[in-house]
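In what follows, a structure is listed as structure tokens, so that the remarks can point back to it.
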Amino acid sequence: MAYNYRFAIFLAFLSATAGLSAAALVEEQPLVLKYHNGALLKGNVTVNLIWYGKFTPIQRSVIVDFIRSLNSKDAAASSASAAPSVASWWKTTEKYKGGSSTLVVGKQLLLENYPLGKSLKNPYLRSLSTKLNGGLRSITVVLTAKDVTVDGFCMNRCGTHGTSVSKPRRAANGAAYVWVGNSETMCPGYCAWPFHQPIYGPQTPPLVAPNGDVGVDGMIINLATLLANTVTNPFNNGYYQGPPTAPLEAVSACTGIFGSGSYPGYAGQVLVDKTTGSSYNARGLAGRRYLLPAMWDPQTSTCKTLV
């Protein structure tokens, strides 16, 4: 079971170039994600990390700090006077049925010698996700380095989520997994936008990555998207809109929106560091800054941004 979401960017750019006057004549329909009565990942959820390929210690710390910031009261307190926190972004997931999802970083496995090669097929992702045996209340995140290709990577997806069990009827008995790839050298205009000029649509200047790494800062956007999608639709019977084979989920339903006033090709108004010129909308642990996408708010049925 896999979920693709970046293809929505392509569709958005096509609609933008088709003519705004025609689009204005069509009444916008409210965005509603239907709840399909399935189990969600609520309570304490362990997040295990598998680093496939070579990542620098700094790259790993940027990603680990992000996950730890999702439920950190320290991050919320330290950013109160300056910018919204990563934790305040994640708090929207509490509005979905079942209460809060508290993510805790668990085991980490470094596979720097590429044991399955540098070109991975989809079944390999599920196989890799079982190496840490996280259990039912866990998410195993497989992160692939910038020189690793995965089936469909850059063509129609930047990451996926699913379960370790391949048969749909048994999905709820398997642990959830997420895959995110580093697109620094492969397709930054697709998977690391808005930190790189887009492949399609209006060629607006790229934003400066807040952690100085286009590939990893792009991974944060995709990881944030997939973690929120996973806890609210882990077994393909949670919250989503559209067909179950290609669902719009908690954050993928809001693709391309990072700040107020956004439109296809423009991320919206975000915060900019006066010294470095980097763009962000959330602060995390260790003083880190991140750019996080909008998330669908069940209370308002709108895509909620931090700024």
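Hey, could you check region 34-74 for residues that are open to solvent by 10 Å² or more (accessible area, probe 1.4 Å) and of a type in the set (Ser, Thr, Tyr) and say which is modelled with the lowest pLDDT? Here the answer is 72.
Among residues of region 35-64 that are on the phi > 0 side of the Ramachandran plot and assigned to a strand (DSSP E or B), those with a Cβ under 7 angstrom from a residue that is open to solvent by 10 Å² or more (accessible area, probe 1.4 Å) and β-branched (Val, Ile, Thr), sequence gap 6+ or separate chain, pair up as 43/102.
Looking across region 111-137, the residues that are of a type in the set (D, E, K, R) and in a loop (DSSP other than H, G, I, E, B) come down to 112, 118, 121, 131, 137. Residues of region 248-257 include none that is assigned to a loop (DSSP other than H, G, I, E, B), open to solvent by 40 Å² or more (accessible area, probe 1.4 Å), charged (D, E, K, R) and touching a residue at least 24 places away in the same chain (Cβ under 8 Å).
Within region 96-110, is there a residue that is of a type in the set (D, E, K, R), over 20 Å from residue 178 (Cβ atoms), touching a residue at least 12 places away in the same chain (Cβ under 8 Å) and not in a loop (DSSP other than H, G, I, E, B)? Checked against the condition, which is being of a type in the set (D, E, K, R), over 20 Å from residue 178 (Cβ atoms), touching a residue at least 12 places away in the same chain (Cβ under 8 Å) and not in a loop (DSSP other than H, G, I, E, B), region 96-110 yields no hits at all. The numbered conditions (1) more than 18 Å from residue 226 (Cβ to Cβ); (2) surrounded by 20 or more Cβ atoms within 10 Å (Cβ to Cβ) are all true for residue 110 except (2). In the list 192, 175, 209, which residue meets the criterion of being under 20 Å from residue 229 (Cβ atoms) and touching an Asp or Glu at 6+ places or on another chain (Cβ under 9 Å)? The unique qualifying residue is 192. Do you know which residues across region 80-95 are open to solvent by 60 Å² or more (accessible area, probe 1.4 Å), out of contact with any Ser or Thr (no Cβ under 6 Å at 6 or more places or on another chain) and either part of a strand (DSSP E or B) or of a type outside the set (Ser, Thr, Tyr) (or both)? Passing the criteria: 80, 91, 95. Tell me, please, whether a residue that is under 17 Å from residue 296 (Cβ atoms), in contact with a helix residue (DSSP H, G or I) (Cβ under 6 Å, 6 or more places away or on another chain), of a type in the set (A, V, I, L, M, F, W, C) and modelled with pLDDT of 95 or more can be found in region 170-191. No - not one qualifying residue is present in region 170-191.
Scanning region 271-282 for residues that are open to solvent by 30 Å² or more (accessible area, probe 1.4 Å) and either outside any loop (DSSP other than H, G, I, E, B) or under 16 Å from residue 305 (Cα atoms) (or both) gives 271, 272.
The values are calculated or read from the model by the stated rules, or taken from the named source; none is laboratory data. Just so it is clear, the structure is predicted and the values come from calculations on it, not from any experiment. Don't worry about glycine lacking a Cβ; one is built from the backbone with ideal geometry, like all the others, and counts go over all protein chains shown. SASA here: full protein model, heavy atoms, side chains in, ligands and nucleic acids out. Shrake-Rupley method; radii C 1.70, N 1.55, O 1.52, S 1.80 Å.
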